[in-house]
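Report on the following structure.
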Amino acid sequence: MVKSDEKLAIDGGKAVREKPFPPRRLFGDDEKAAAVEVFDESIATGEAFGYGGKREQEYEKEFAERLGGGFAKGTNSGTSALLAAIAALELEPGSEVVCPPITDPGGVMPIVMMNCIPVPADTNEFSFNVGPEQIAAAITERTRAIVVAPIFGEPVDMDPIMELAGEKGLAVVEDAAQAHGAVYRGSTVGTHGDIAAFSTMYGKHYASGGQGGIFFTRNEDLFWKARRFMDRGKPFGTDEPNNVRLGLNLNTDELSAAIARVQLKKLPWIVERRQSVAAAVSDGIKSLQSVALGKIIPDAKASYWHMRMTVDADKLTVDKDTFAEALAAEGIPASPSYRHIPAEHVWFRSRNTYGSSGYPWTSPYEPLNLPNCEAAVARNFLIHIHENWTDKEIADTVTALTKVEKAYLK
């Protein structure tokens, strides 16, 4: 099968990279100092640090300013941010919400938690993101909102989606958990829909700690509705003396906010470095025939939470998964597949929600037809990059991709 004198590592040859790739080292002395300051202040005053304090308020102000102005509120996870965003829409039970076909379970479960029915739209024809045509095909007379997710930090084509939503009277939520710093038509991802949710857990572009999230909107009414929901219905923005609606405790805290403020200052550099790494790898393999950096929509800049690689298996003697496994054997941090399709999960198929009721679904489950989604999973794999890759990591990745293609090219 191997057509090269250079034996692949997966077949017993010498790997391109035998030394592990460097760790990301997301947190450092700056974050430590910010956390210690919180504890020192608490020790000096004798008061425990909580939530809603000065650091949290400053963090939220700084986050909103980065997005060009608006209203932001930190949460204890990205899932919580999305739950608060959907709760702010105050949709009637049984409403349908068009959602991404490929996303984390936390990108769909909040829809069901708010007693609405998730309806996955298909992806576009080249990536893991939904497209406007696919969303249009999923809309029914029961649709009340749309959730879009720019997977891997690759922007979604929002202008036609917002136009469609305006025509249909639908709200749009951007689940930008993976897309900090991505840009669509000159504006930051998360500023195009009615409300946006971000994740700040430890694996994202920047983090507020082990877990965290933040929601954002330029609509003050939606902000207060989300704000009330995320703190047990407290009457924020009203003249009422006590709690005004059903809600949960989804708050962040002063320690998380202190860490997040330091991290947020690093975000532009983090995104720029990831873009540089992706561009260098793409340039280095431009002569290859079977594999390339995944295509994104025009007039957009991805922030590359992961680097999506597209394989043309028709030009190879192996399938995409085997290609990716061979690349991983060469020492490159690659994953063969990203089959995160909530509609395939047991909880979704069996409707394991509230007791045995199957609520909020009202009809038997029917397998979904998502042909573009299936094709995208079949032809794409991931390379796990981060901002602290050096020229050596880039060069080894290019060398390994070249070696594997040479071995498997027809």
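Throughout, read-outs are computed from the coordinates displayed, never taken from laboratory work. Note that the coordinates shown come from a computational prediction; the quantities given were computed from them, not determined experimentally. Here the Cβ is made from the backbone with ideal geometry for all residues, glycine too, and neighbour counts use every protein chain on show.
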Overall dimensions of the stretch 277-410 by Cα: Rg and Dmax, Å: 18.5, 56
Net charge over other residues, Cβ less than 10 angstrom from the Cβ of VAL147 (K, R count +1; D, E count -1): -2
Residue exposure sequence - TYR338, TYR59 - by fewest surrounding Cβ within 10 Å: TYR338, TYR59
Cα-projected label distance for ASP321 with GLU220, points at 7 Å along beta-carbon direction, nm: 5.5 nm
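Could you please report the charge total around LEU264, scoring K, R as +1 and D, E as -1 over all other residues with beta-carbon less than 9 angstrom from its beta-carbon?
Values: positive: ARG66, ARG261, LYS265, LYS266; negative: GLU62.
Once all neighbours under 9 Å are counted, the net charge is +3.
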Straight-distance crosslink candidates among aspartates and glutamates, where the alpha carbon sits under 12 Å from LYS295 and sequence neighbours closer than 8 are dropped: GLU125, GLU154
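May I ask for the equivalent-ellipsoid semi-axes of the stretch 29-264, computed as the square root of five times each C-alpha gyration tensor eigenvalue and listed largest first in whole Å? Before the final figure, lay out the partial values.
Numbers: eigenvalues 193, 83, 39 Å².
So the three semi-axes of the stretch 29-264 are 31, 20, 14 Å.
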Listed residues ILE297, HIS345, SER357: farthest to the positive end of the dipole of the stretch 266-359 (Cβ charges): SER357
Relative contact order of the stretch 29-264, defined on C-alpha pairs under 8 angstrom at six or more residues apart (%): 26 percent
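Summing Lys, Arg as +1 and Asp, Glu as -1, what charge do residues with Cβ under 12 Å from the Cβ of ILE117 carry, ILE117 excluded? Spell out each step's value before the answer.
Working: positive: ARG142, ARG144, ARG351; negative: GLU92, GLU96.
With Lys, Arg at +1 and Asp, Glu at -1, the net is +1.
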Proximal lysine pairs, the stretch 29-264, alpha carbons under 19 Å, eight or more residues apart or interchain: 9
Net length gained if the chain between PHE39 and TYR359 were fully extended (0.36 nm per residue, minus Cα distance): 110.7 nm
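Under a point-charge model restricted to the Cβ atoms of Lys and Arg (+1) and Asp and Glu (-1), what is the dipole moment magnitude of the stretch 224-365 relative to its Cα centre, in debye to the nearest 20? Don't skip to the answer; put the middle values down first.
Working: 20 positive and 15 negative charges, 104 e Å.
Result for the stretch 224-365 is approximately 500 debye, rounded to the nearest 20.
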The chain: DSSP helices with Cα axial extent of at least 30 Å and average Kyte-Doolittle hydropathy no lower than -1.0: 254-284
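Would you work out the charge dipole size for the chain about its Cα centre, treating the Cβ of every Lys and Arg as +1 and the Cβ of every Asp and Glu as -1, and quote it to the nearest 20 debye? Mind showing how you got there, number by number?
Working: 44 positive and 56 negative charges, 132 e Å.
About 640 debye.
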Dipole in debye (nearest 20) - the stretch 29-264, about Cα centre, beta carbon charges: Lys, Arg +1; Asp, Glu -1: 360 debye
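For the ranges 193-206, 17-30, 170-183, 114-127, what's the packing order if you count other beta-carbon atoms within 10 Å of each residue, average per peptide, and put the highest first?
Details: 193-206: 24.3, 17-30: 12.4, 170-183: 26.2, 114-127: 20.9.
Ranked from most to least packed, the peptides come out as 170-183, 193-206, 114-127, 17-30.
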Furthest towards positive pole of dipole, ALA207, ALA85, PRO235, structure part the stretch 29-264, Cβ charges: PRO235
Kirkwood hydrodynamic radius over Cα pairs of the stretch 52-129, then Stokes diffusion coefficient at 20 °C and 1.002 mPa s, in µm²/s: 149 µm²/s
Kirkwood Rh and Cα Rg combined as Rg over Rh, evaluated for the stretch 109-200: 0.93
Among (i) 17; (ii) 13; (iii) 20, the entry that matches percent of Cα pairs over 42 Å apart as calculated here: (i)
